[in-house]
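The values are calculated or read from the model by the stated rules, or taken from the named source; none is laboratory data. This structure is a prediction, so every number in the text was calculated from the model and none was measured. FYI the Cβ positions are ideal-geometry reconstructions off the backbone, even for glycines, and counts take in every protein chain you see. The area values use the complete protein model at the heavy-atom level, side chains included, leaving out ligands, DNA and RNA. Shrake-Rupley method; radii C 1.70, N 1.55, O 1.52, S 1.80 Å.
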2 protein chains.
Amino acid sequence: MLTNSRLVHQPHDHSRCINAALASANNLCAEKNARLTATRESVLRLLWQSHQPLGAYQLQDRLSKLLNKPVAPATIYRAVDFLLQLGLIHRIASLNAYIGCPFPNSEHSNLFMICTDCGSTAEVAHNTINDLLQSISDKAHFTLKSQSLELFGLCPQCSADTEESSNG
Amino acid sequence: MLTNSRLVHQPHDHSRCINAALASANNLCAEKNARLTATRESVLRLLWQSHQPLGAYQLQDRLSKLLNKPVAPATIYRAVDFLLQLGLIHRIASLNAYIGCPFPNSEHSNLFMICTDCGSTAEVAHNTINDLLQSISDKAHFTLKSQSLELFGLCPQCSADTEESSNG
DNA sequence: TTTATTAATGTTATATTATAACGTATCATT
DNA sequence: AATGATACGTTATAATATAACATTAATAAA
């Protein structure tokens, strides 16, 4: 099992995450002959700077502030589509929001643990889940192409807080 | 494993499904002291009549035609919210659409197999998946409350069609 | 059976998310 | 430099969802 759960839910040197993600993005783009333009890189950076999934219009606000000029929705959606194509980010359907992918090079589950309290979201890559879903699909004669797996609940921190307040 | 995959993907006496769903809805409402009003029942019926998930504005069109009068979005969203609350329908986040739940009384996975070709959508209830997701959550100290699991691919019929056309 | 209370609906307006269409600029190759 | 492909700017609008408040209907209480 591969997960960024601990990183997401605990304090850490976040600038390292961001730098690692951008370096990895640069590699991937070079490899695929794709252009990580200024706009695209900024959107990716904004997603990584956030500890939560961001919606298109949140990205619009932030990019607009960053560039100190108006930014249109199309600009955001185009950047986001590009990053989605390359697997550098994911869309979280239930939130209409986007988040950086912590392991863009590996086959993985698109499995997210979303805290309904604080909004923090961790991704988990888990082969057993993938295998199980594949076998369920096979049995049903369903040709599986992709998947969106979203879990809702309380992250470790918010779970602990709830526990505490109910005890004390 | 509990699934309506075969029913969804193969010809059958669909009026029976609809009647069964409505009967089950009536029971549930009686039990919970909830009112299955005319609007709510119509929306549920429309969802069951469709072989695919329907969006709010598709429901608006259909209800409007059924009643032969204008229907506002709020009417649809209110009915849909009610039915969601009772577990009589599900929302499919990736499609912004709604679908009748074939087993509203049982604990289940909210796992959907969505055909990207014809749109037909089957629900699967699978304890192993639930257990696995619960154990993953436990390991991550994530307090799991609910889940949305959406699989995209080709239904048996469309898989077969693709196979055929590639062969011949 | 009136009255009070709650639940559901009607209606209008508007917020939020996403895309279309078309012109302009930038980049890569010749 | 000319060309073609890719990316971006800009404006408008489509699609999805909610807010707010008036009205009606159903239930409960007096």
> Taking amide H positions as placed 1.01 Å from N in the peptide plane, with prolines and chain starts having none, which residues 5 or more places from B:L111, or on another chain, fall under 5 Å of its amide H?
Replying inline: B:V124
>> Residue by residue through the range B:49-65, what is 3J(HN,Hα) from phi via Karplus (6.51 cos²θ - 1.76 cosθ + 1.60, θ = phi - 60°)? Round to whole Hz and write x for glycine and proline.
In response: 5, 6, 8, 9, x, 10, x, 4, 7, 5, 4, 4, 3, 5, 5, 4, 5
> Taking 0.36 nm per intervening residue step and subtracting the Cα-Cα distance, what contour gain separates B:S166 from B:H141 on full extension?
Replying inline: 4.3 nm
> What FRET efficiency comes out for the pair B:T116/A:K32, r = Cβ-Cβ distance, R0 = 30 Å, nearest 0.05?
Replying inline: 0.80
> Taking the axis about which chain B rotates onto chain A, which residue of B lies nearest it as judged by Cβ position, and how many whole Å separate them?
Replying inline: B:A93, 2
> Across the range A:74-88, in residue order, what do the Karplus-derived ³J(HN,Hα) couplings come to in whole Hz, using 6.51 cos²θ - 1.76 cosθ + 1.60 with θ = phi - 60° and x for Gly and Pro?
Replying inline: 4, 4, 5, 4, 5, 5, 4, 4, 4, 5, 5, 3, 7, x, 7
> Counting only residues 5 or more places away or on other chains, whose amide H sits under 5 Å from the amide H of A:Q147 once H atoms are built in the peptide plane?
Replying inline: B:F152
> Extension gain A:Q134-A:A23, at 0.36 nm per residue separation less the Cα-Cα distance, in nm?
Replying inline: 36.7 nm
> Cross-link partners among aspartates and glutamates for A:K69, C-alpha distance below 13 Å, same-chain residues fewer than 8 apart left out?
Replying inline: A:D61
>> With a 1.4 Å probe and all protein chains left in place, how much accessible area per residue does the protein assembly as shown have, in Å²?
In response: 52 Å²
> So how much accessible area does A:Y57 have, in Å² to the nearest 10, using a 1.4 Å probe?
Replying inline: 130 Å²
> Taking chain A as a Gaussian network, where each spring joins two C-alpha atoms under 10 Å apart, which residue of A:N130, A:N68, A:N26 fluctuates the most?
Replying inline: A:N68
>> Leaving ligands and nucleic acids out of the surface, order B:F142, A:F152 by accessible area at 1.4 Å, largest first.
In response: A:F152, B:F142
